[in-house]
Number of protein chains: 2
Amino acid sequence: MDFELDRGIAVDRTADGEYVAHLDPGWVVGGGVNGGYLLAVIGNAIHAELAELGQPDPVSVSAYYLSPSVPGPAVVRLRRVRTGRARSTVAASLVQRQDGREVERITALAVFGDLDAMPGEAQREIPPPVLPPVADCIPTLEAPPEFIKVAPLLQRFGTRLDPAYAAWATGRPSGNGIIQAWFRLVDDRPLDPIALLLAVDALPPVTFDLGLPGWAPTLELTAHVRARPAPGWAIVRHATRNISGGMFEEDCEVWDSAGHLVAQSRQLALLPRPPS
Amino acid sequence: MDFELDRGIAVDRTADGEYVAHLDPGWVVGGGVNGGYLLAVIGNAIHAELAELGQPDPVSVSAYYLSPSVPGPAVVRLRRVRTGRARSTVAASLVQRQDGREVERITALAVFGDLDAMPGEAQREIPPPVLPPVADCIPTLEAPPEFIKVAPLLQRFGTRLDPAYAAWATGRPSGNGIIQAWFRLVDDRPLDPIALLLAVDALPPVTFDLGLPGWAPTLELTAHVRARPAPGWAIVRHATRNISGGMFEEDCEVWDSAGHLVAQSRQLALLPRPPS
């Protein structure tokens, strides 16, 4: 099968050991390329680097966003910081050329390993929230055309928002700072550990639900992938509990169709300016 | 004033722009040097590097722990990844010499800025838990001598544990996976943003409360410092909600004496082996 995400995150290893990617304009949101997609591009480069070690899966990835990425060529450079038997640590940098010089977009650290080699049973996990049936949730695909124009990536997602936290879409934000949804990719590309890096940053920012519809630049995002997801609809939940100093933290959890917590992330982002 | 923490995190800048530290044996716990103390050492090196830019404070620090540090000399190497007007991003590496070669102990990324230049008022924050009065909580200083011998760093902390989550100390872990305490440094060194990097990893791991008293090696820890703490007793709370794949996540929140959330962190750590 040929899926949009796989085309979008494909990397070619150069003779120098760098990974060349082509950032696809289909993953643009607002003034830049979606941060979760970029995380998946970086994750896919590390995956290619460490697959031969039997450590294909992200366990933890911390990304510091430096400047907005633009569609077009990008290079991912890796440094193997520590190579272990069970897991390895890698430093990664995503760079693009701009006005004839190289600009670093993201710097990241990651631990990769083999999720299949880890104990399968969860001893404790946050249970998924109870959402209305998929058919009763709001497809972001059906957002107004002017919205899709600014956020073409919505066409890649089969996201269906829980209507309880989606009234911001019609100008009535709930003020809860919560957004939760059923999640799949529109072409039904199965979710795997690399796709979970996309999933943790695939919903609109929780600030939409706080009445702040502007761009919320991420300073830092750390994702933990805890298990290989079962096929089918995932549930993704974003919430913020701390808004201060012009910044907010956004916690994200992802559960697979079997109800298991498969990923969680936290990001620290700048609050958008209030609408004028 | 001359405080233990300041002596322990002091760094000297070399002509090459590296920062030399001396890891103090007083911060040892079990087989290594405490991870929060190491984070404060790295934070202090970045503080020294960026103070001239008016960006003295950690905003976000992500550390990947590679090998256990030992007391003695250490070198912190920094790379300024992005220098901005309001905040800058730095990559850091803490290395030690071992058996004649250099071993990387921690690799980290950080954003520093000026907490005083950020809006002061919190729009939303997690409220602190209600703890019994300090006098009714359990001083870790009074731990049994054999315990202090393994964890000399306890002598540096004025920690007083909430007895509701401290029965593991007498062999009856509650199973909640929660540990919370009043926190100060024993010599009353005021908590500041750098000291908060220590505070987020200063309590025993929550696995103690789960009946797993062994060492829980941290893979990754990200701390966000949200405000400069008011003087006085802080409250620190650790909890785990996800235990799977042989790993657990430990969330930490720190509130200052005024009840404001001043730092939070999340770490992903390996579960200790069950006691034999």
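None of the figures in this text is laboratory data; all of them are computed from the coordinates on show. Predicted, not measured: the structure shown is a model, and the values here were computed from it. Virtual Cβ from ideal backbone geometry, glycine too; neighbours counted across all protein chains shown.
Could you pull out every residue, at least 5 positions away or on a different chain, whose amide H is within less than 5 Å of the one on A:L271? Hs are placed 1.01 Å off N in the peptide plane, and Pro or chain starts have none.
Long-range HN contacts for A:L271: A:M247, A:F248.
How large is ³J(HN,Hα) for each residue in segment B:16-28, as worked out from phi by the Karplus curve 6.51 cos²θ - 1.76 cosθ + 1.60 (θ = phi - 60°), to whole Hz, x for Gly and Pro?
7, x, 8, 10, 9, 10, 10, 6, 8, x, x, 9, 6
Assign one of three labels to segment B:70-201, namely rounded, prolate or oblate, based on the Cα gyration tensor with a ≥ b ≥ c the square roots of its eigenvalues; rounded applies when a/c is under 1.5, prolate when it is not and a/b is larger than b/c, and oblate otherwise.
oblate
Between A:R13 and B:K149, how high is the FRET efficiency from 1/(1 + (r/R0)^6) when r is the Cβ-Cβ distance and R₀ = 51 Å? Nearest 0.05.
After rounding, the FRET efficiency stands at 0.50.
Place a point 7 Å from Cα of B:D6 in the direction of its Cβ. Which residues in segment B:238-276 have their backbone N less than 18 Å from it?
Inside the label zone: nothing.
So what's the net charge close to A:R79: Lys and Arg +1, Asp and Glu -1, counting the other residues with Cβ under 14 Å from its Cβ?
0
Counting only other chains, and only Cβ atoms inside 10 Å, what mean value do you get across the residues of A:54-66?
Mean shielding count: 4.
Amide H to amide H, which residues 5 or more places from A:A166 or on other chains are under 5 Å from it, using H placed in the peptide plane?
none
Using R₀ = 41 Å, calculate the FRET efficiency as 1/(1 + (r/R₀)^6) where r is the Cβ-Cβ separation of A:V20 and A:D187; round to 0.05.
Efficiency at R0 = 41 Å is approximately 0.95.
How compact is the protein assembly as shown by the rule of thumb for globular proteins, expressed as Cα Rg over 2.2 N^0.38 Å?
My calculation over the Cα atoms of the protein assembly as shown gives 0.93.
Need one value for B:104-116: mean number of C-beta atoms belonging to other chains within 10 Å of its residues' C-beta atoms.
Shielding by partners across B:104-116 averages 3.
Show the residues, 5+ positions off or on another chain, whose built amide H is closer than 5 Å to the amide H of A:V262.
A:V254, A:W255, A:D256
For an R0 of 30 angstrom, estimate the FRET efficiency from the Cβ-Cβ distance between A:D99 and B:D114 and round to the nearest 0.05.
After rounding, the FRET efficiency stands at 0.55.
For chain B, what does -39500 (n - 2.57) per DSSP helix run (n ≥ 4), summed and divided by total residues, give at 222 nm, in deg cm²/dmol to the nearest 500?
Mean residue ellipticity at 222 nm (helix-derived): -3500 deg cm²/dmol.
B:A91: net charge of surrounding residues, Cβ under 11 Å, Lys/Arg +1, Asp/Glu -1, itself excluded?
Every neighbour counted, the sum reads +4.
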